[in-house]
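Report on the structure given below.
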Amino acid sequence: MKRRLPFQVKLFLSLVAFSCLLLILLGAILFHFIDRQLHHDLGQRARVQASEIALMPGLAEKIAARDIAGIARLIQPLRAQSDASYIVIGDVNEQHLYHSESPERLNLPMIGGDNAEVLQGKTIISVRKGGIGVSLRSKSPVFDADHQVIGIVSVGYLTSYIANINARILWQAGLYGIALLLLLFLFSWMFTRNLKKQMFRLEPKDIALLVRQQKALLEAMYEGVFAVNGERQLILINRAARELLDIHQSEKDLIGKPLENVLQTSPDFFSQPPASKSSDRHDHIAVLNQRQVIVNRVAIELEPGIESGWVFSFRDKNDINTLSSQLSQVKRYADNLRIMRHEQLNWTATLVGLLQMQHYDEAIRYIQAQSEGAQKVLDFVSAHFASPALCGLLLGKYVSAREKGIELQFDPACQLTRPPAMLSETELMSVIGNLLDNAVDATLKAANSAAPVELYISDRNQELLIEVADQGCGVDDAAKPHLFRQGFSSKPANDDDIIGSEHGIGLYLAAGYISKAGGSIEITNNIPQGTIFSVFIPYTHSSSTGLKHDKLPGA
């Protein structure tokens with residue numbers, strides 16, 4: 001398997017390679033400019049020297065007389081002081097009269113073919129190959145007293161001499177370049193280490209994986225989550241938050257917008273807590289986009305003690321009410337068991353007293369009187385319902401109703417062998433328990449509060465049928481369409497002075513379970529008074545679901 005280099009090493013090598021490439025490019029540009037400038041400067045220097053030599057007193061006469069020795073005596077002191085590679089004197093016939101480097105070329109033709117313009121009286125600069133090599137040279141004419149060209153002065157610098165100067169300059173620049181490259185190495189290594197530290201020692205692929213995992217986690221959360229920076233601009237929002245707040249824009253369109261343009265909330269929503277407390281807030285009730293929610297806020301601290309933003313998570317307050325109602329149902333089941341236990345303890349204490357007093361006949365009659373009704377109900381429930389949990393619920397509701405002076409009557413035709421596949425046992429007990437509680441409460445409000453509550457459960461004909469009939473106060477026709485809506489209650493306001501109690505939740509929960517199972521509810525008036533709740537749940541899930549009161553639309 002091919003080993004992959006760590007991100008820090010790859011970044012370091014990339015920076016080093018780029019720095020080297022940059023230095024090479026800068027070196028090439030520098031060499032080009034230095035070489036061009038050097039050619040220009042040396043060409044001008046050769047031009048000045050050639051012009052000054054051509055104007056020396058006595059040179060024209062010696063050239064006219066072809067006094068080679070005299071020309072040598074005149075030029076030799078200048079040659080010792082000049083940095084040029086050579087100085088050449090020629091006559092009008094382009095013959096060498098003096099050559100500082102090759103005396104053997106005297107009386108030989110001058111090489112290069114660039115004398116035509118000089119013989120016309122012009123001073124030139126050219127690069128030509130001469131007798132001792134290629135050179136940068138300047139040629140100037142020598143005039144006689146009649147201003148006629150009688151000779152040529154040539155001063156030149158060999159290209160090898162120029163190359164040596166370039167090499168010396170580049171060598172010095174190279175030393176500086178190496179020092180700069182070492183500094184770049186050190187900077188690159190420190191930069192990559194610091195960058196890796198800020199990335200929490202993670203590789204880019206690990207960071208990309210974390211980002212994808214975070215996005216998947218946020219999108220999978222049931223709670224709404226959004227985050228803002230220090231300027232209160234939105235930097236994150238998940239799908240649940242957009243759905244709960246009824247925001248139809250995508251996350252991409254929302255990122256970067258001021259939070260005030262996205263959410264409608266109270267002015268104190270962002271108010272800071274006292275300095276002695278943490279800036280985090282938990283279970284804070286707020287209103288976001290006209291929806292009451294419970295919000296948690298956690299500060300984003302890139303550095304300890306410095307807040308650079310906040311993360312908010314929230315959930316619908318009605319969901320909390322629903323969970324509270326479900327917990328209340330569990331508590332009611334426990335209360336029913338406690339009632340049965342209390343009654344059983346009283347019954348046992350009475351029996352023990354009779355036995356201790358040796359009133360055996362009275363004890364027998366007491367046992368027969370007390371157990372006759374309870375045993376009859378127990379035998380009936382055990383024989384007609386296969387679910388032990390449902391049997392316990394019905395026995396508890398029976399005892400609870402009797403404690404309130406109401407008799408719970410079971411239809412002799414009751415039968416339940418198994419709950420529908422789309423309805424769990426817990427949900428079934430919630431549906432039956434809420435309907436029975438509602439019927440008992442309605443009966444207690446009626447003038448004839450001793451009237452019984454009747455229950456019929458049957459799973460015949462591939463359909464679960466549950467009917468609960470009471471002779472209570474009944475339901476107004478105007479209230480029936482709203483009876484299964486969350487928060488609606490027919491109880492007086494003073495019956496529910498605690499926000500989030502189960503009032504208005506029980507029937508809502510029952511309706512939700514029934515609708516999920518593909519069933520429906522009918523509400524009809526009982527005769528002579530009261531209400532009948534009828535629940536129909538098919539054992540084969542159907543697409544036609546809803547809640548009905550004579551085809552009443554669901555909640």
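The values are calculated or read from the model by the stated rules, or taken from the named source; none is laboratory data. Predicted model only: the values in this text are computed from it and were never measured. Quick reminder, even Gly has a Cβ in these numbers, built from the backbone with ideal geometry, and neighbours come from all protein chains shown.
Return a yes/no flag: does segment 135-148 have any residue that is touching a Gly at 6+ places or on another chain (Cβ under 8 Å), charged (D, E, K, R) and not in a helix (DSSP H, G or I). Yes, segment 135-148 contains a residue that is touching a Gly at 6+ places or on another chain (Cβ under 8 Å), charged (D, E, K, R) and not in a helix (DSSP H, G or I). You will find that of 200, 191, 187, the residue that is more than 30 Å from residue 99 (Cβ to Cβ) and not in a helix (DSSP H, G or I) is 200 and no other. Please verify whether residue 434 is within 20 Å of residue 536 (Cβ to Cβ), modelled with pLDDT under 90 and surrounded by 16 or more Cβ atoms within 10 Å (Cβ to Cβ), treating the condition exactly as stated. Criteria met by residue 434.
Taken over segment 88-120, the residue count meeting the criterion of being surrounded by fewer than 18 Cβ atoms within 10 Å (Cβ to Cβ), outside any loop (DSSP other than H, G, I, E, B) and hydrophobic (A, V, I, L, M, F, W, C) is 2. If you take the residues of segment 391-419 that are surrounded by fewer than 21 Cβ atoms within 10 Å (Cβ to Cβ) and of a type in the set (D, E, K, R), which of them is farthest from residue 454 (Cα to Cα)? Filtering segment 391-419 for residues that are surrounded by fewer than 21 Cβ atoms within 10 Å (Cβ to Cβ) and of a type in the set (D, E, K, R), the one farthest from residue 454 (Cα to Cα) comes out as 418. The residues of segment 434-452 that are among the hydrophobic types (A, V, I, L, M, F, W, C) and in a helix (DSSP H, G or I), listed by number, are 435, 436, 439, 440, 442, 444. Residue pairs whose Cβ atoms lie under 9 Å apart, separated by 6 or more positions or on different chains, with the first residue in segment 376-391 and in the same structural domain as residue 432 (by TED's automatic domain parsing) and the second acidic (Asp, Glu) and at pLDDT below 90, are 387/425; 389/425; 390/425.
Every condition in (1) in contact with an Asp or Glu (Cβ under 7 Å, 6 or more places away or on another chain); (2) at pLDDT below 90 holds for residue 86 except the one numbered (2).
Cβ-Cβ contacts under 7 Å between residues 6 or more apart (or on different chains), taken from a first residue in segment 141-170 that is on the phi < 0 side of the Ramachandran plot and free of Cβ contacts under 8 Å to residues at least 40 places away in the same chain to a second residue that is crowded, with 19+ Cβ neighbours inside 10 Å and in a strand (DSSP E or B), are listed as 159/135; 159/136. On the basis of being crowded, with 17+ Cβ neighbours inside 10 Å and either under 45 Å from the mean Cα position of the chain (by Cα) or in a strand (DSSP E or B) (or both), does residue 49 make the cut? Criteria not met by residue 49.
Among the listed residues 100, 19, which satisfies the condition of being out of contact with any His (no Cβ under 7 Å at 6 or more places or on another chain), of a type in the set (S, T, N, Q) and within 17 Å of residue 142 (Cβ to Cβ)?
Working: 19 fails: within 17 Å of residue 142 (Cβ to Cβ).
Only one candidate passes the filter, namely 100.
If you go through segment 99-144 and keep only what is at pLDDT 85 or above, in contact with an Asp or Glu (Cβ under 9 Å, 6 or more places away or on another chain) and small (Gly, Ala, Ser), you end up with 126, 140.
Taking the conditions exactly as written (modelled with pLDDT of 90 or more, under 16 Å from residue 536 (Cα atoms), touching a helix residue (DSSP H, G or I) at 6+ places or on another chain (Cβ under 9 Å) and assigned to a helix (DSSP H, G or I)), does residue 455 satisfy them or not? Give the derivation first.
On the way: modelled with pLDDT of 90 or more: yes; under 16 Å from residue 536 (Cα atoms): yes; touching a helix residue (DSSP H, G or I) at 6+ places or on another chain (Cβ under 9 Å): yes; assigned to a helix (DSSP H, G or I): no.
Criteria not met by residue 455.
Among the residues of segment 180-224, which ones are acidic (Asp, Glu) and either touching a helix residue (DSSP H, G or I) at 6+ places or on another chain (Cβ under 7 Å) or surrounded by 14 or more Cβ atoms within 10 Å (Cβ to Cβ) (or both)? Even if it seems obvious, please write down each step before you answer.
Just the residues of segment 180-224 that are acidic (Asp, Glu), to begin with: 203, 206, 219, 223.
Across segment 180-224, the qualifying residues are 203, 219, 223.
The residue list 407, 403 contains one member that is of a type outside the set (A, V, I, L, M, F, W, C) and under 21 Å from residue 534 (Cα atoms), which is 407.
Go over the candidates 534, 544, 489 one by one and state the one that is at pLDDT below 75, touching a strand residue (DSSP E or B) at 6+ places or on another chain (Cβ under 9 Å) and surrounded by fewer than 22 Cβ atoms within 10 Å (Cβ to Cβ). Spell out how you get there, then give the answer.
On the way: 534 fails: at pLDDT below 75; 489 fails: touching a strand residue (DSSP E or B) at 6+ places or on another chain (Cβ under 9 Å).
Exactly one of 534, 544, 489 is at pLDDT below 75, touching a strand residue (DSSP E or B) at 6+ places or on another chain (Cβ under 9 Å) and surrounded by fewer than 22 Cβ atoms within 10 Å (Cβ to Cβ), namely 544.
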